[in-house]
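A short write-up of the structure that comes next.
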Amino acid sequence: MRRLPILWCGAALAVMASGLAAAQPSAGRASPCGRRCLLEILWSYTEALTDNKPSEVPAAANVRVTSNGRQVELGRGDVWGSPRRIPYRQTLVDPTTGAAIFYGVVTNAIRPRGAAASSPQGTDRWWFYVVRLKVERRQISEIEEVAYEGSSMGANAKALSLPDRVFDTLLPADEQSSRGELTRIANEYFDAVSGKLDYHKVPWHPECQRVELGVFTVNAVSSPGSCGGEFQNPAVRWNVVNRRFYVADVQRGLVLAVANFTTPPDLPHNNGSVVFELFKIQDGLIRQIQAFFRGNGQLHSGWGTGPGS
């Protein structure tokens, strides 16, 4: 075998070294966290929750955590403990904002084979659960948990099993809306809830449904109004403030916002709460809405600015 000239070998090694350097993240610079990265981090979080091992959450040293609006230490929220399982699961991520959202149902109702006891404490507990994570440099810097153990308008956490797959469906390019349009349409809905915009001016899809903690709040026996028609009832009104947008998925037509639905002075019986509201927008029209929140109210979020923060 012929030997290569020494100068050629040196040049080849230099090229190889430069290629390897380009393939590796620069020192001190974190590689971007795309959809898969965010989903993997969210999986790590839910696994830590079910195993009750908060130390295994990929959290930054200065992570800020709130549970139902109160600042707490990681793993001190209502749903943490042992044992736990999460039978209902739905995820939303946005690489642009670094947001990872999890809608779920958490319970300690575990019945090992052949065992009569439902849980070590002898009491089954069920929570509606939603958590927002902010991921920076592949670590979680913010955790916003909302957990609700109760019933609202017949809502039953035990009844939820699989989320509606309409939220996973990819839209053809001609049915998609831009990120800005998604946010604008969601804001128009909030303006209608606040009584600031005639509901006829909100772009409704003829298939529109709104689901709240697993219960239809429109087109139902107890609330027959449509997604827009429900606003004919003057009592269906809250002041929607501190609107925070975290997910805008153009391909799937999704936009998720967290907002404070505060009680109007003239409607003191309208319970205020922090609401996670998910919209499916197709052809520029609101096709479906899904809401998670504490049915017994939550006046402060612990995040954002202005009223309710």
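The values are calculated or read from the model by the stated rules, or taken from the named source; none is laboratory data. Remember, predicted model here, so these are calculated numbers, not experimental data. Every residue, glycine among them, receives a Cβ derived from its backbone with ideal geometry; neighbour counts consider all protein chains shown.
For residues in region 143-157 being hydroxyl-bearing (Ser, Thr, Tyr) and at pLDDT below 95, which is surrounded by the fewest Cβ atoms within 10 Å (Cβ to Cβ)? Quick ask: steps written out before the conclusion?
Filtering region 143-157 for residues hydroxyl-bearing (Ser, Thr, Tyr) gives 148, 151-152.
Now drop any that are not at pLDDT below 95, which leaves 151-152.
Working: Ser151: 15, Ser152: 20.
If we take residues in region 143-157 being hydroxyl-bearing (Ser, Thr, Tyr) and at pLDDT below 95, then Ser151 is surrounded by the fewest Cβ atoms within 10 Å (Cβ to Cβ).
Residues in region 183-207 that are among the β-branched types (Val, Ile, Thr) and not in a loop (DSSP other than H, G, I, E, B) were compared, and the one that is surrounded by the fewest Cβ atoms within 10 Å (Cβ to Cβ) is Thr183.
Being in contact with a Ser or Thr (Cβ under 6 Å, 6 or more places away or on another chain) and either assigned to a loop (DSSP other than H, G, I, E, B) or in the same structural domain as Ala186 (by TED's automatic domain parsing) (or both) holds for only one residue in Arg210, Arg252, Arg244, Arg237, and it is Arg210.
Looking at the structure I just gave you, is Ile110 surrounded by 13 or more Cβ atoms within 10 Å (Cβ to Cβ) and more than 27 Å from Gly253 (Cβ to Cβ)? In short, yes.
Which of the residues that make up region 250-309 are within 26 Å of His205 (Cβ to Cβ), among the acidic types (Asp, Glu) and surrounded by fewer than 16 Cβ atoms within 10 Å (Cβ to Cβ)? If the condition is that a residue be within 26 Å of His205 (Cβ to Cβ), among the acidic types (Asp, Glu) and surrounded by fewer than 16 Cβ atoms within 10 Å (Cβ to Cβ), then Asp283 is the only one that fits.
Taking the condition of being farther than 18 Å from Phe261 by Cβ and touching a residue at least 40 places away in the same chain (Cβ under 8 Å), how many residues in region 215-239 meet it?
Within region 215-239, the subset farther than 18 Å from Phe261 by Cβ is 216, 219-222, 224, 226, 229, 232.
Within this subset, residues satisfying the condition of being touching a residue at least 40 places away in the same chain (Cβ under 8 Å) are 222.
Total satisfying the criteria: 1.
Just one residue in the set Val72, Val57 is free of Cβ contacts under 8 Å to residues at least 24 places away in the same chain and touching a strand residue (DSSP E or B) at 6+ places or on another chain (Cβ under 9 Å); that residue is Val72. Checked against (1) over 22 Å from Val166 (Cα atoms); (2) crowded, with 17+ Cβ neighbours inside 10 Å; (3) hydroxyl-bearing (Ser, Thr, Tyr), Ser222 meets all criteria but (2). If you check Leu42 against the conditions, is it modelled with pLDDT under 95 and either in contact with a Cys (Cβ under 9 Å, 6 or more places away or on another chain) or not acidic (Asp, Glu) (or both)? Taking the combined requirement at face value, the residue does not satisfy it.
Of all the residues in region 184-214, those that are among the basic types (Lys, Arg) and touching a residue at least 60 places away in the same chain (Cβ under 8 Å) number 1.
When the residues of region 220-247 are narrowed to those that are of a type in the set (Ser, Thr, Tyr) and modelled with pLDDT of 95 or more, which ends up nearest to Glu207 (Cα to Cα)?
At the first step, the residues of region 220-247 found to be of a type in the set (Ser, Thr, Tyr) are 222-223, 226, 246.
Still in the list and also modelled with pLDDT of 95 or more: 226, 246.
Details: Ser226: 10, Tyr246: 25 Å.
Per the criteria, the residue is Ser226.
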